[in-house]
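Here is the structure we will look at.
The values are calculated or read from the model by the stated rules, or taken from the named source; none is laboratory data. Quick caveat: nothing in here was measured; it's all calculated off a predicted structure. Don't worry about glycine lacking a Cβ; one is built from the backbone with ideal geometry, like all the others, and counts go over all protein chains shown.
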Amino acid sequence: MSATTKPRLLTDEQLEELGQEREQGATQGRLVQLAKLRFDVEISAKAILWQLLRLGYDLPPGRRQATNVGPLIQQRGDQIVRRFSPEDDKLLLELERQQLSYSEIGRRMSRKPNSIRGRLLTLARRDARQDEAA
């Protein structure tokens, strides 16, 4: 582990357990409660959801919300957040096909590498949902 990497709060087995709960319809708040009750770990909903996205866990079809709604640029606290547009997604997938790193794609798109990784995971989840519906 590098000097800048924080130790993980949840093990793979614990994440798998939370992932199974998510696929049964557990809300974000419930996942946070379960992490505290079952594993004595205090962790944010966003941190749990990031790990579950990374691992491919999803809500059941009847519980999923619409994505890509709202303005392309919005303010969250002190930060300006830019949503990915369909054109951004097209460019992102093209750059990924070129096997560029998240950092290089991020530089070319003026975004952070973590944002690039998260969007690629989200697009993969979207494709899986479409395959599931077919």
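Say we look at region 92-134 and pick out the residues that are outside any helix (DSSP H, G or I) and in contact (Cβ under 8 Å) with a residue 12 or more places away in the chain; which of these is surrounded by the most Cβ atoms within 10 Å (Cβ to Cβ)?
So, considering only residues that are outside any helix (DSSP H, G or I) and in contact (Cβ under 8 Å) with a residue 12 or more places away in the chain, the one surrounded by the most Cβ atoms within 10 Å (Cβ to Cβ) is Arg111.
Among the listed residues Leu100, Leu95, which satisfies the condition of being of a type in the set (A, V, I, L, M, F, W, C) and touching a helix residue (DSSP H, G or I) at 6+ places or on another chain (Cβ under 6 Å)?
Numbers: Leu100 fails: touching a helix residue (DSSP H, G or I) at 6+ places or on another chain (Cβ under 6 Å).
Every option except Leu95 fails the conditions.
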Quiz item: From the list Gly62, Gly25, Gly29, which one is loosely packed, with under 14 Cβ neighbours inside 10 Å, more than 15 Å from the chain's Cα centre (by Cα) and not in a helix (DSSP H, G or I)?
Solution: Gly25
Exercise. Those residues that are under 14 Å from Thr122 (Cβ atoms) and modelled with pLDDT of 95 or more, I need them from region 58-98; list them, please.
Key: Asp88, Asp89, Leu92, Leu93, Glu96
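Gly19: touching a Leu at 6+ places or on another chain (Cβ under 8 Å), surrounded by 11 or more Cβ atoms within 10 Å (Cβ to Cβ) and within 19 Å of Ala124 (Cβ to Cβ), yes or no? I'd like the intermediate steps shown before the answer.
Values: touching a Leu at 6+ places or on another chain (Cβ under 8 Å): yes; surrounded by 11 or more Cβ atoms within 10 Å (Cβ to Cβ): yes; within 19 Å of Ala124 (Cβ to Cβ): yes.
The answer is yes for Gly19.
Does region 39-51 contain any residue that is farther than 21 Å from Asn114 by Cβ and part of a helix (DSSP H, G or I)? Steps first, answer last, please.
Restricting attention to region 39-51, the residues satisfying the condition of being farther than 21 Å from Asn114 by Cβ are 39-42.
Next cut, part of a helix (DSSP H, G or I) only: 39.
Checking region 39-51: at least one residue is farther than 21 Å from Asn114 by Cβ and part of a helix (DSSP H, G or I).
Each row is one residue, and each column tells you yes or no for (1) of a type in the set (A, V, I, L, M); (2) free of Cβ contacts under 8 Å to residues at least 12 places away in the same chain.
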| residue | (1), (2) |
| --- | --- |
| Pro7 | no, yes |
| Leu15 | yes, no |
| Leu18 | yes, no |
| Glu21 | no, no |
| Gly25 | no, no |
| Gln28 | no, no |
| Phe39 | no, no |
| Ala47 | yes, no |
| Leu53 | yes, no |
Practice problem: Kindly indicate the residue of region 1-11 that is of a type outside the set (Ser, Thr, Tyr) and surrounded by 11 or more Cβ atoms within 10 Å (Cβ to Cβ) and also nearest to Arg117 (Cα to Cα) among those meeting that condition. | Solution: Arg8
Quiz item: So which of Val69, Val81 ends up being under 27 Å from Gln130 (Cα atoms), assigned to a strand (DSSP E or B) and free of Cβ contacts under 8 Å to residues at least 24 places away in the same chain?
Solution: Val81
